[in-house]
1. To the nearest 0.05, how large is the calculated FRET efficiency for SER102 and ASP59 if R₀ is 25 Å and r is the Cβ-Cβ distance?
2. Along the Cα→Cβ direction, 7 angstrom out, place labels at ALA122 and ARG50. What is the inter-label distance in nm?
3. Where the only charges are on Cβ atoms (+1 Lys, Arg; -1 Asp, Glu), what is the dipole of the stretch 87-183 about its Cα centre, to the nearest 20 debye?
4. Would you work out the charge dipole size for the chain about its Cα centre, treating the Cβ of every Lys and Arg as +1 and the Cβ of every Asp and Glu as -1, and quote it to the nearest 20 debye?
5. Based on DSSP loop calls and a cut-off of at most 14 other Cβ atoms within 10 Å, the longest stretch of the chain free of exposed GluC sites (Glu not before Pro) is what?
6. Grab the eigenvalues of the alpha-carbon gyration tensor for the chain, scale each by 5, take roots, and send me the semi-axes largest first in whole angstrom.
7. Going toward the positive end of the dipole of the stretch 150-207, with +1 on Lys and Arg Cβ and -1 on Asp and Glu Cβ, which of ILE164, THR199, MET187 do you reach last?
8. Figure the gain on full extension for LEU110 and SER153 (residue separation times 0.36 nm, minus the Cα-Cα span) and round it to one decimal in nm.
Amino acid sequence: MKRILICLIALAGFTGSALRAQDVTGTWQGTLHAGKDLRLVLKISKDDARLKAVMYSIDQGAQPFNASSVRLDGSEFKFSVDLIGGSFDGKLSADGSSIVGSWTQGPSPLPLTLVRATTETAWEIPPPPAPPKMMAADANPAFDVATIKPSNSTGASLQQLTIINRNFTVRNGSLGDLVGFAYDVQMRQIVGGPDWMNTDRYDIDAVPDVEGAPNPAQLRTMIRKLLVDRFQLKFHHDQRELSAYVLTVGKNGQKLTPTQLKGPLPGLGFRPAPGGLMLNVANGTMADLTGFLQNLVLDKPVVDHTGLSDRFDFHVTFTPDDSQFNGHPPKLPPPTDTTETAPSLFEALQQQLGLKLTAEKTPVDVLVIDHVEKHSEN
């Protein structure tokens, strides 16, 4: 009887230890070696028995990122942050003190070990940076200073068009790219212009003449004024029936995550990912997505018929084909034996986001170029 009692006590002790090992709530931290060391902090909690987490990269401003998903299955622990297109996959140690795994935010996973932090060992999380001061909503800005230079890049497509606080930057952009962005049209909707509109490429650096960061409408206003002032652009509108892509919500509903960011500006960009190319969207609307797709990826206008007006954070991984990116899709890392090739853009949108992209003829607005000149000197 005594032997049985001892066995029961030992079993209870083992079970309690195992249960404690499965409790991942609390603060975890680890250093990611990604060219430079980046300290990451992960705070895990429970909400009605469901795990949730917030991640901080404390060497990059300490902006809090809510995890899109958190899962513990036995000792296998995973979480993802759709806002930045990142995910972690690791294994919880038997004593529950560490999680050894890898962080993926690009084509190659990077090793990352998270250790459970205590009050004494926890890294201090600095306050997040203050949001940028915005321009007055009724401001009608122009660029105070704009430098336009021929691009030295050998690329055949736009590489960068960004506004960070007050600094507007274009890298390897054509006049067609600028017109397309300024008026939210695809290249096929710009007719009658000279060939050099799409072949001559520029690097542009500019600063507004009004204090504060512009909203999207104000940014387009400044680019439109630049086109008139430096390229003498004149055009008129027309309506034509063109082959276009129409974006709708799939029959099973959309799978988008409401944004966790504040502010009027979206962030959209590409990065290599395992098996394909990842399009990452932060604080974006469906209009932002269709505009981005028609200006950079697809060879036809893209019309938004989703009926969705909110802002979302999401990413989609796909394999581009030769008809996309103006016939020059980005070069991707060769697939490995363990990497599955990502689906096409059309399949990926439906599978990963619940959105459907179909081709059909529809009336669209076109810009007919009446006059344009090569840019004036700085």
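What follows is calculated from the coordinates using simple rules that are stated; it is not laboratory data. The structure displayed is predicted, hence computed values, not measured ones. No Cβ is skipped: glycine too gets one built from the backbone with ideal geometry, and neighbour counts run over all protein chains shown.
1. 0.85
2. 2.5 nm
3. Details: 6 positive and 7 negative charges, 52 e Å.
In debye, rounded to 20, the stretch 87-183 gives about 240.
4. 1140 debye
5. 212-339
6. Details: eigenvalues 452, 110, 67 Å².
So the equivalent ellipsoid measures 48, 23, 18 Å along its semi-axes.
7. ILE164
8. Length gained, LEU110 through SER153: 12.5 nm.
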